[in-house]
1. Between V56 and D84, take the C-beta separation as r, use R0 = 41 Å, and let me know the FRET efficiency to the nearest 0.05.
2. For C232 and T68 in one chain, what is 0.36 nm times their gap in residues minus the Cα-Cα distance, to one decimal in nm?
3. Quick one: which of 261-271, 177-187 comes out on top by average Cβ neighbours within 10 Å, and what's the full order, highest first?
4. For D163 paired with R253, estimate the spin-label separation in nm (one decimal), with each label point 7 Å from Cα along the Cα-to-Cβ line.
5. Name the long-range amide H neighbours of V145: under 5 Å, sequence gap of 5 or more, or other chain; modelled H, no Pro or chain starts.
Amino acid sequence: MDYDELFVGMENTSPLLTTFGGGPGNSLYQNIVTIETDAGAFDDVVSTDTPWTGDVIHYDLGSGLVTTKIDSIASLNGTVTFNDGATWTSELLVVQDTAGNAFLLVRDTQPELASQGIESVTFTSVNSTSFDGVIQHSKDDLDFVCLTAGAMVATPDGPVRTDRLRRGDAVLTLDSGPQPIRWIGKRRFRFDPRPHPGQPVQIAKGAFGPGLPTRDLILSPNHRVLMQTTPCHALHDPLGALAPAKALTRLPRVRRLTGRREITYFNLLLPRHEVIIADGIAVESLFPGPEAFASLDGTERADWMRIGALCGRVTGTPPARLMLTTAETRAALGTGQLHPPATAPVPLTWSGARHRPRALPAHLAKRA
């Protein structure tokens with residue numbers, strides 16, 4: 001669809017003006033793809049290959065890791081049909097890569113796309129194809145935030161290994177006291193000998209100070225860690241900010257485990273986004289945003305929908321803290337606006353919750 005790399009846009013959009021999905025075995029919710037991005041120095045913007053060389057993306061369609069680039073982006077008007085027959089019409093973004101594959105992009109501002117499984121999408125007209133990149137906001141990559149099997153999570157009965165936790169078990173939180181686990185996801189990954197964007201990050205024992213963490217803590221690269229902010233700076237929040245682990249590798253004794261060939265990740269979903277304690281430092285629980293829902297397979301989506309019907313909404317809950325992007329984290333570390341916590345986190349031990357979400361300061365509300 002994009003033949004001329006000196007021209008920003010698609011020369012031929014007619015292949016997009018049709019219906020995708022629908023029919024037995026062809027539902028779009030059965031074709032969810034997780035895309036990892038590697039945008040280099042400006043990693044909040046994933047550039048197309050027009051007119052530059054473009055940034056790299058990675059995904060797996062079932063036949064192994066594909067490494068390619070974004071070729072072009074189109075804004076279209078379309079109608080989404082969900083698996084219960086409901087429809088939703090809006091502006092939708094489609095990304096095509098240099099391998100010829102096209103993906104419907106789930107944006108933070110469109111939680112409707114994460115409300116339930118998508119059966120099909122019909123595109124009716126084109127708004128624009130004059131895009132030279134995709135801006136990543138809080139999500140950084142289309143990926144979950146995960147703990148590894150050996151991480152010790154604080155519970156009312158003491159620390160418990162992540163792989164021994166079960167649905168219904170309570171974990172301690174900084175804001176809401178003990179909270180039950182609604183859902184636990186488990187995913188095992190194997191990596192090629194080459195470095196892979198999904199390889200974990202290790203925060204060594206005592207990297208942030210004595211007992212912070214209490215042992216080596218291994219996290220998925222996008223798992224956010226609670227950091228302290230410096231007063232009188234734009235990103236300051238007295239309760240701290242959540243920073244992705246992959247952006248903390250500039251700190252002493254925090255590193256990417258590029259030699260790791262396989263890993264098992266666990267996702268802990270609570271009634272809402274919370275700050276929990278793993279190996280003595282504060283980290284986030286799974287944030288159930290649109291990108292997390294879009295990454296579920298059909299069985300997991302159905303599970304989330306059952307949980308929502310029984311316990312209230314799953315997606316769309318507010319974040320527990322200010323969530324920083326990778327670029328914001330690295331810049332704030334470099335200027336001294338962000339630093340590791342100096343003391344161990346203290347969870348609430350009773351079940352009452354503080355009033356949240358708090359109103360963001362005006363300068364942060366505009367950014368959010």
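Taken together, the values in this text are just the output of simple stated rules run on the coordinates, not laboratory data. Small disclaimer: the values here were computed from a predicted structure and weren't measured. For neighbour counting, all protein chains shown are included, and Cβ atoms are generated from backbone atoms with ideal geometry for every residue, glycine included.
1. So, using R0 = 41 Å, E works out to roughly 0.65.
2. 54.9 nm
3. Packing order, densest peptide first, comes out as 261-271, 177-187.
4. About 2.5 nm, to one decimal.
5. Here F287 satisfy the definition.
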